[in-house]
Amino acid sequence: MLKSVRQKSFTLYTMFSRCAGIYCIVPLLLLIVVFSYSCQTKTRQTTSPETLFKGKNIPSEIKYATLFDVYKNNNVRKIVIHSPFNDTLSAGVFYLLDSTKYQQFKDFKNVLPFPLISIAALSSTQLNVISKLGLLNKVCGVSDQKYIQNKAVHKLIKSGRITEVSVAGQLFVEKAIQLNPQAIFFSPFQKGQTLPVLGNIKAIPYFDFMEDSPLGRAEWVKFTAAFIGGEHKADSVFEIIEKQYLKLKNSAASLQNRPTVFSGKYFNGQWFVPGGKSYMAQIFSDAGANYIWKDDSSRNSIALDFEIVLQKAQDANFWRILGGLPEENPYESLLKENPLYGHFNAFKKHHIVYCNPASTAYFETGTLEPQVILKDFIAAFHPELFSDYKPVYYHVLR
């Protein structure tokens with residue numbers, strides 16, 4: 001009997017031990033799984049997407065633009081945006097990853113899937129670039145729709161596929177969040193200017209208008225394509241622009257006669273003239289003219305007193321004005337605005353080269369047509385070269 005009790009006790013002990021072992025192992029396995037997942041999550045969150053470029057920073061060909069760079073490694077793109085306000089700082093670095101790699105790095109605030117499929121563009125210039133790439137279907141939000149002249153965009157607005165999310169620089173935050181685009185392209189006109197935090201929507205600064213080179217501004221078509229796709233199309237579009245621009249520039253380079261030119265108007269107590277290293281100064285030079293302030297080292301506009309401009313530009317052959325004049329009797333209108341304008345030689349000879357941005361969509365389409373703008377100026381400064389040419393943006397007021 002005692003032997004039987006002992007055998008039963010041993011059997012019960014063995015069963016209990018096995019069960020206890022199982023119940024101990026299960027929690028241990030769960031702990032291992034949780035720990036392993038935790039380590040993987042931690043690794044995913046702390047391993048930067050920059051590691052994808054370690055030793056493999058292959059730059060794309062950016063020939064003229066100075067405010068962005070694009071690097072590629074297989075299906076990964078790194079876009080570096082340089083600050084136009086501080087040469088030592090970047091305004092942003094973004095990583096565009098394919099679907100597989102994006103899942104690994106999506107927790108990083110500067111990581112986006114490539115290509116983007118939903119964006120808002122707060123500049124008509126950006127819209128024109130997207131239109132040239134044939135990707136307007138990716139736009140869901142715009143700014144100041146009454147100033148947009150692109151008919152395709154207005155058609156999309158009317159159909160409800162595009163919504164106005166900003167007016168006069170004021171972003172409609174709730175509407176933008178409701179639309180929830182993956183990114184918003186915006187143009188910071190001042191240092192430090194940015195958009196409010198909009199959840200997971202990425203704010204991408206767009207500095208095409210700060211480039212000094214006409215071809216540099218046009219090259220931002222490659223910047224846009226690096227985010228939304230159409231890179232081969234962007235290269236093709238830019239190649240045509242570059243080829244036509246350089247051909248025109250070369251035709252004017254050999255001209256012996258180089259007329260003098262100045263720019264701007266007197267407004268609110270100051271006259272702002274383009275700096276000698278500015279976009280406009282280069283256009284003048286490439287069009288075969290001598291810009292009065294070509295020796296100035298500034299890339300931005302210079303504020304001057306009326307007397308200084310009159311003293312230096314009084315005898316200049318041409319005067320460039322952008323906007324602000326009626327088509328009928330423009331010279332009379334200028335005299336009413338300021339009788340001292342009559343002292344300029346270019347005024348007396350009716351040599352004002354004028355552009356009305358409202359009727360020409362200059363600010364919307366001009367960035368991707370620097371070759372057209374250049375031809376307008378060559379035709380104005382050297383009419384013998386293009387006797388039958390019909391100007392597109394700038395023409396001489398008679």
Determine the gain in length on full extension of the stretch V173-F209; use 0.36 nm per residue of separation and subtract their C-alpha separation, reporting nm with one decimal. 10.5 nm
Roughly speaking, to the nearest percent, how much of segment 66-206's 1.4 Å accessible area is carbon and sulfur? 49
For the chain, what does the accessible surface come to per residue with a 1.4 Å probe? Please give it in Å². 55
Which label belongs to the value computed from this structure, given these candidates for Cα extents along the principal axes in Å: (1) 60, 48, 39; (2) 62, 55, 53; (3) 134, 43, 38? (3)
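Distance check, please: which entries in K63/K312; K151/K349; K265/K348; K54/K106 exceed 27 angstrom between their Cα atoms? Mind showing how you got there, number by number?
Values: K63/K312 35 Å; K151/K349 39 Å; K265/K348 16 Å; K54/K106 19 Å.
Pairs exceeding the cut-off: K63/K312; K151/K349.
Which whole-number percent gives the relative contact order of segment 104-232, counting Cα pairs below 8 Å spaced six or more residues apart? Walk me through the numbers before you get to the answer.
Working: 166 pairs, mean separation 36.5, N = 129.
Once normalised by length, the contact order is 28 percent.
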According to a simple spin-label model (label point 7 Å from Cα along Cα-to-Cβ), what is the distance in nm between N290 and K312? 1.5
Remind me, relative contact order of segment 258-398 in percent, using alpha carbon pairs under 8 angstrom and six or more residues apart? 23
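Could you give the DSSP H helices of the chain that reach 30 angstrom or more along their long axis (alpha carbon positions) and whose average Kyte-Doolittle hydropathy is no lower than 0.5?
Details: long enough: 2-46 (65 Å, 0.52); 231-253 (32 Å, -0.60).
Correct list, ordered by number: 2-46.
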Taking 0.36 nm per residue of separation and subtracting the Cα-Cα distance, what length does fully extending E164 through R299 add? 45.3 nm
Given the options I204, I58, I241, state which has the largest fluctuation in a GNM of the chain using a 10 Å cut-off (strictly under) for Cα springs. I58
Among the Cα-Cα pairs of segment 71-227, the proportion with separation greater than 23 Å, in percent, is 37
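Using alpha-carbon pairs under 8 Å, 6+ residues apart, how would you state the relative contact order of the chain in percent? Let's see the in-between values first.
On the way: 616 pairs, mean separation 45.7, N = 398.
Contact order relative to length: 11 percent.
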Once amide H atoms are placed 1.01 Å from N in the peptide plane, what residues at a sequence separation of 5 or more from I302, or on another chain, have their amide H within under 5 Å of its amide H? V273, G275
Counting Lys and Arg as +1 and Asp and Glu as -1, each charge on the Cβ, what is the dipole of the chain about the Cα centre in debye, to the nearest 20? 2380
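Suppose R0 equals 25 Å; then what is the FRET efficiency for K390 and N257 from their Cβ-Cβ distance, rounded to the nearest 0.05?
Values: r = 23 Å, r/R0 = 0.93.
The pair K390/N257 has a calculated efficiency of 0.60.
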Estimated distance in nm for a label pair at T100 and N137, the labels positioned 7 Å out from Cα along Cα-to-Cβ: 2.6
A correct Karplus calculation of ³J(HN,Hα) over segment 75-87, with 6.51 cos²θ - 1.76 cosθ + 1.60, θ = phi - 60°, whole Hz and x for Gly and Pro, returns 9, 10, 10, 10, 10, 9, 9, 8, 6, x, 9, 8, 5
Comparing I352, I240, I292 in a Gaussian network model of the chain (Cα, 10 Å), the one with the largest mean-square fluctuation is I240
Among P214, V76, G366 the positive-end extreme of the charge dipole of the chain (Cβ point charges): V76
In nm, to one decimal, how far is the K247 label point from the L89 one, both placed 7 Å along Cα→Cβ? 4.3
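The values are calculated or read from the model by the stated rules, or taken from the named source; none is laboratory data. Because the structure is predicted, anything quoted here is derived from the model rather than measured. Positions of Cβ are backbone-derived with ideal geometry, glycine not excepted, and every protein chain shown enters the neighbour counts. In case anyone asks, the SASA skips ligands and DNA or RNA and just uses the protein heavy atoms, side chains included. Shrake-Rupley method; radii C 1.70, N 1.55, O 1.52, S 1.80 Å.
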